[in-house]
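Nothing in this text is a laboratory measurement; each read-out follows from the coordinates by a stated rule. Quick caveat: nothing in here was measured; it's all calculated off a predicted structure. Reconstructed Cβ throughout: ideal geometry from the backbone, glycine too, with neighbour counts over all protein chains shown.
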Amino acid sequence: MDTWWLVALRGVAAILFGILAFIWPKITLLTLVWLYGAYALIHGVLALIQAFTGPKEGRRTGSLVFEGIISIVVGAIAFFVPGITALALLLLIAAWAS
């Protein structure tokens, strides 16, 4: 079964996240954290789907399952503890900028 479309869908979700951040320049921090949380949840679910329906050659299943679970946990944290997520996003952006 060919699952290239799952990788493409994950990319579309990332691009959509970026576009929404540019469309709403006066976006509040909480909304940005929620957008990130939604992206992380969608990314995690799609990674798990790809892990269990993708081709078994190459056996990246373990890393995709790990990536999916971590993304879902991070997405849930973004919704339930937005303050920590905002701090983590700030530190990540600062690290990229330096």
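Which value in deg cm²/dmol, rounded to the nearest 500, describes the helix-derived mean residue ellipticity at 222 nm for the chain, given -39,500 (n - 2.57) per DSSP H run of n ≥ 4 and division by the residue count? Calculated mean residue ellipticity at 222 nm is -28500 deg cm²/dmol. Bin width 10 Å, origin at 0, all Cα-Cα pairs of segment 4-97: what percent of pairs per bin? The distribution over segment 4-97 is 17, 42, 30, 10, 1, given as percents.
List the DSSP H helices in the chain whose Cα atoms stretch 24 Å or more along the helix axis and whose mean Kyte-Doolittle hydropathy is at least -0.5.
Values: long enough: 4-23 (28 Å, 2.14); 29-53 (36 Å, 1.66); 61-80 (28 Å, 1.97).
The answer, listed by residue number, is 4-23, 29-53, 61-80.
For Val73 and Glu57, calculate 0.36 nm times their separation in residues minus their Cα-Cα distance, and state this gained length in nm to one decimal.
Details: separation 16, 0.36 × 16 = 5.76 nm, distance 2.76 nm.
My answer for the length gained is 3.0 nm.
Which of rounded, prolate or oblate describes segment 56-98 when judged by the alpha-carbon gyration tensor and an a/c cut-off of 1.5? The shape class here is oblate. Here the peptides 33-46, 5-18, 64-77 are ranked by packing, the mean other Cβ count within 10 Å, and the order with the highest first is 33-46, 64-77, 5-18.
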